[in-house]
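This report refers to the structure that appears directly beneath it.
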Amino acid sequence: MNLFQFDPNVVFGFFLTLMRMSVLLFMLPFFGATLVPNSVKGALCIVMALAVYPMLSFPGTLMPANPWMIALMFLGEVIMGLLLNILVSFLFAAVQSAGAVMGFSMGFTLMNSIDPMTGASESGLGHLMNQVTTMLFLSLNGHLILIGALAQSFELVPPGGLLVNAALGEHLISFSSQILVMAVKIAAPIMASIFLVDLALALVARAAPQMNVLFIGFPLKIGVGFLFMTLVFAALVIYVGQFIDELVPMYRLVLKASG
């Protein structure tokens, strides 16, 4: 007699789905941030697993009987979560690099703060750029792209089917090359304006040596830098939108290469 219509394949399939959802949600940015309590993240994992299980699930026959194979499968899920997290981190690494360059140009290198998401020390202007980028990413539905990549992983990468190969490394290296290019594009208005200010101050110091250029140089750089921050924010909206549009094929390439 089958008590309560108990089907082990259904239970094992739900456990596999919960494993995929929990590992990825705990490691993805925004969802797995350190500021979110673990109880909230755990409840979100269970709710998401129950929501996607009727449509996106794994057959229970994929659950291995050996505990060591289960641990190996869990390790593969952790690596997949790291891969999906790295792609989004490229954007914030570029923004923080641009903020550090702009802060150095404007003379804000003595003031640092702690990033609540990563725990790393960053300049005040870099922290501002990071927070603005976070709001832009969420307002442009970037978090829905992350959930979509999570749904694609059910189709492209089965449990325990993660494969780390040379193609995956090539894709990550090619995507990481965008960090420096994007950072320079974002910080370009500040870098160009501060360079012109330094050039003008050098000419003034050459023409009038009795003028204290250092006394007027620091407030002038800060004022010009904040004046051109409007161009930086306008460019940031464009580049974040382009990055979100490119994030979908990036995730698909990485999942296909690792599947």
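The values are calculated or read from the model by the stated rules, or taken from the named source; none is laboratory data. Predicted, not measured: the structure shown is a model, and the values here were computed from it. Cβ atoms come from the backbone with ideal geometry, glycine included; neighbour counts cover every protein chain shown.
Below is a table of values for the structure above.
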{"read-out": "Residue that is surrounded by the most Cβ atoms within 10 Å (Cβ to Cβ) [pool: residues in region 138-154 that are within 17 Å of Leu84 (Cβ to Cβ) and free of Cβ contacts under 8 Å to residues at least 40 places away in the same chain]", "value": "Ile147"}
{"read-out": "Test result for Val95, assigned to a helix (DSSP H, G or I) and at pLDDT 80 or above", "value": "yes"}
{"read-out": "Qualifying residue in region 159-174 (condition: outside any helix (DSSP H, G or I), modelled with pLDDT under 80 and under 20 Å from Phe228 (Cα atoms))", "value": "no"}
{"read-out": "Qualifying residues in region 208-228 (those that are of a type in the set (Gly, Ala, Ser) and at pLDDT below 80) - the one surrounded by the fewest Cβ atoms within 10 Å (Cβ to Cβ)", "value": "Ala208"}
{"read-out": "Top-ranked residue of region 47-69 - restricted to ones that are more than 20 Å from Phe26 (Cα to Cα) and polar (S, T, N, Q), ranked as modelled with the lowest pLDDT", "value": "Thr61"}
{"read-out": "Selection within region 198-215 - part of a helix (DSSP H, G or I) and either of a type in the set (D, E, K, R) or free of Cβ contacts under 8 Å to residues at least 12 places away in the same chain (or both)", "value": "Asp198, Leu199, Ala200, Ala202, Leu203, Val204, Ala205, Arg206, Ala207, Leu214, Phe215"}
{"read-out": "Candidates Leu144, Leu83 - the one that is modelled with pLDDT under 85 and either of a type outside the set (A, V, I, L, M) or more than 24 Å from Gly169 (Cβ to Cβ) (or both)", "value": "Leu144"}
